[in-house]
1. Name the residue, out of 444, 432, 450, that is at pLDDT below 95, surrounded by fewer than 18 Cβ atoms within 10 Å (Cβ to Cβ), farther than 29 Å from residue 139 by Cβ and over 20 Å from the mean Cα position of the chain (by Cα).
2. With respect to the numbered conditions (1) modelled with pLDDT of 95 or more; (2) not assigned by TED's automatic domain parsing to the domain that holds residue 202, which one is the sole condition not fulfilled by residue 159?
3. Name the residues in the stretch 335-354 that are in a helix (DSSP H, G or I) and free of Cβ contacts under 8 Å to residues at least 24 places away in the same chain, would you?
4. So residue 97 clears everything in (1) outside the structural domain of residue 15 (by TED's automatic domain parsing); (2) without any contact (Cβ under 8 Å) to a residue 40 or more places away in the chain; (3) touching a helix residue (DSSP H, G or I) at 6+ places or on another chain (Cβ under 6 Å) except one condition, right? Which one?
5. Take the residues of the stretch 377-417 that are assigned to a strand (DSSP E or B) and either touching a helix residue (DSSP H, G or I) at 6+ places or on another chain (Cβ under 6 Å) or at positive phi (or both): which is surrounded by the fewest Cβ atoms within 10 Å (Cβ to Cβ)?
6. Taking the residues in the stretch 17-31 that are free of Cβ contacts under 8 Å to residues at least 24 places away in the same chain and touching a strand residue (DSSP E or B) at 6+ places or on another chain (Cβ under 6 Å) as candidates, determine which candidate is farthest from residue 90 (Cα to Cα).
7. Pick from 616, 584, 576, 608: which is modelled with pLDDT of 95 or more and within 27 Å of residue 417 (Cβ to Cβ)?
8. Surrounded by 14 or more Cβ atoms within 10 Å (Cβ to Cβ), in contact (Cβ under 8 Å) with a residue 12 or more places away in the chain and within 16 Å of residue 18 (Cβ to Cβ): is that true of residue 89 in this structure?
């Protein structure tokens with residue numbers, strides 16, 4: 001049991017004993033005492049005064065006196081300030097709680113699946129994928145550290161029109177080139193042809209778009225022509241400057257894009273792929289193979305891995321049996337054209353297509369089927385989808401449909417929605433080739449790490465191989481910490497120069513603190529095993545550090561509960577900052593007594609362990625020296 005949990009437990013028991021009122025630990029709010037007041041933990045009394053009919057001051061005095069009298073092994077003294085009961089923890093109580101805090105969590109018996117990454121095989125991983133990967137991997141690691149059985153999964157979007165675009169461009173422009181012959185990484189190679197396709201598509205779209213704006217509809221098929229004429233009439237006869245007008249123009253442009261020769265070729269290739277045409281399938285496998293080799297290299301470099309990978313080409317037909325089941329149950333309905341829908345208007349949403357009129361699946365259909373397949377393979381209690389907030393609506397619909405179908409796993413689905421990563425120049429756009437590739441970004445971060453290290457550190461003792469590894473460790477640590485240190489729900493503005501600093505709220509600051517501690521321990525010849533320490537005469541900054549280390553297990557539990565790695569990042573930073581404040585005032589190797597030296601060396605050892613373990617849950621390595 002943690003120290004805070006114990007304080008809640010004895011406070012609830014004290015209230016029941018003093019006032020004859022049933023109280024549970026969950027009813028008690030305990031915070032850290034503010035630095036300007038005496039004490040370690042504060043019991044907030046305001047929620048209790050109405051029920052107990054006591055003034056905050058009287059309640060605080062009575063409860064504090066009872067706790068210190070009944071639990072002298074836990075509390076040294078107390079004070080009450082404006083309705084807050086500040087409790088000072090007995091120094092002698094700390095070692096026992098510390099042992100519990102640093103022990104592995106007990107197994108919960110809970111099974112959790114975490115899906116993240118979800119790349120497309122028409123382009124390399126980019127900055128947005130990095131936040132997704134780091135977030136998903138870290139959440140999985142934190143959940144496992146909290147005692148859960150975890151399976152990490154990835155769904156690869158390896159089929160569809162976007163894949164065919166790269167294939168068409170390669171056929172037209174590559175002249176048989178390969179990643180090997182061009183000296184390019186496979187995913188970058190295929191991504192290059194996706195951008196080339198979009199460039200040609202844009203060139204073909206512009207003149208056709210201009211013709212549509214002038215009311216000329218030749219070259220369109222019947223369905224496109226009908227739609228274009230209707231849009232044109234509304235646009236030509238209405239306000240040409242408002243939001244509706246822009247929407248109409250966007251509609252005309254999409255029709256123009258679909259009517260271009262190059263897009264027709266891509267659509268034709270998609271039809272051939274779905275029909276299993278051998279030469280198309282062979283090219284698809286070849287180009288996807290290039291991309292997978294590139295992905296694997298990036299994943300290995302950034303430390304991202306999966307226990308199970310699903311492929312859309314193998315899952316896109318799933319879910320149609322669930323649609324038939326839903327039709328029988330009356331969950332879905334069929335329209336006159338044969339398409340199948342669900343009406344979610346009573347749930348505050350709208351009607352949603354689940355099967356096209358030709359019987360083919362849409363994304364929600366395959367997601368329904370994949371959710372069922374996942375549960376059959378790994379009967380989870382929770383299934384975490386790490387997907388950007390652009391898909392909030394889609395995920396609401398998926399869970400609602402599964403609930404209405406009576407799926408036993410529906411309630412366990414959780415969308416870990418995160419904000420997009422933007423650059424100072426604005427949003428990234430794959431079509432225009434303005435994304436920041438993950439590989440290029442990591443390379444840039446390594447260069448910045450090298451520059452910062454050479455400017456601020458003594459590197460004469462390091463060999464070239466060790467330096468290269470150190471720059472990589474600092475670069476990835478800075479990048480991961482920056483992308484994980486804020487709440488996942490918030491959007492982020494990314495600037496590489498802000499991430500690699502050896503002071504301030506950064507990953508390298510924590511890495512440097514760890515390396516400094518390890519240096520002290522090496523000089524002392526201290527081992528890695530815990531030793532018994534005396535807390536007699538404990539000083540304030542020593543106690544602050546002990547209390548903070550004791551919070552490790554509770555921090556992991558809270559981060560797991562909220563699926564929030566930023567809790568671990570903030571905790572690691574606070575531990576590092578508190579250690580540096582302690583070290584600035586209290587020498588370790590030249591401590592005033594052997595007892596103090598033993599205490600402070602153990603503080604160093606435990607701080608290093610907590611920093612290493614906290615950063616590991618973020619996927620960040622800490623170097624032994626910097």
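The values are calculated or read from the model by the stated rules, or taken from the named source; none is laboratory data. This structure is a prediction, so every number in the text was calculated from the model and none was measured. Cβ sites come from the backbone with ideal geometry, for glycine too, and all protein chains shown count toward neighbours.
1. Values: 444 fails: farther than 29 Å from residue 139 by Cβ; 450 fails: surrounded by fewer than 18 Cβ atoms within 10 Å (Cβ to Cβ).
Just a single option satisfies the conditions, and that option is 432.
2. (1)
3. If we filter the stretch 335-354 for residues that are in a helix (DSSP H, G or I), which is where we start, we get 345-347.
Answer for the stretch 335-354, where residues must be in a helix (DSSP H, G or I) and free of Cβ contacts under 8 Å to residues at least 24 places away in the same chain: 345, 346.
4. Going through the list (1) outside the structural domain of residue 15 (by TED's automatic domain parsing); (2) without any contact (Cβ under 8 Å) to a residue 40 or more places away in the chain; (3) touching a helix residue (DSSP H, G or I) at 6+ places or on another chain (Cβ under 6 Å), residue 97 breaks only (2).
5. Residues of the stretch 377-417 that are assigned to a strand (DSSP E or B), as a first pass: 382-388, 413-417.
Filter again for either touching a helix residue (DSSP H, G or I) at 6+ places or on another chain (Cβ under 6 Å) or at positive phi (or both), leaving 382-383, 386, 413, 415, 417.
Details: 382: 18, 383: 23, 386: 26, 413: 20, 415: 18, 417: 16.
Selected residue: 417.
6. Among those that are free of Cβ contacts under 8 Å to residues at least 24 places away in the same chain and touching a strand residue (DSSP E or B) at 6+ places or on another chain (Cβ under 6 Å), it is 29.
7. Numbers: 584 fails: within 27 Å of residue 417 (Cβ to Cβ); 576 fails: within 27 Å of residue 417 (Cβ to Cβ); 608 fails: within 27 Å of residue 417 (Cβ to Cβ).
Answer to the selection: 616.
8. On the way: surrounded by 14 or more Cβ atoms within 10 Å (Cβ to Cβ): yes; in contact (Cβ under 8 Å) with a residue 12 or more places away in the chain: yes; within 16 Å of residue 18 (Cβ to Cβ): no.
Spelling it out, it is not the case that residue 89 is surrounded by 14 or more Cβ atoms within 10 Å (Cβ to Cβ), in contact (Cβ under 8 Å) with a residue 12 or more places away in the chain and within 16 Å of residue 18 (Cβ to Cβ).
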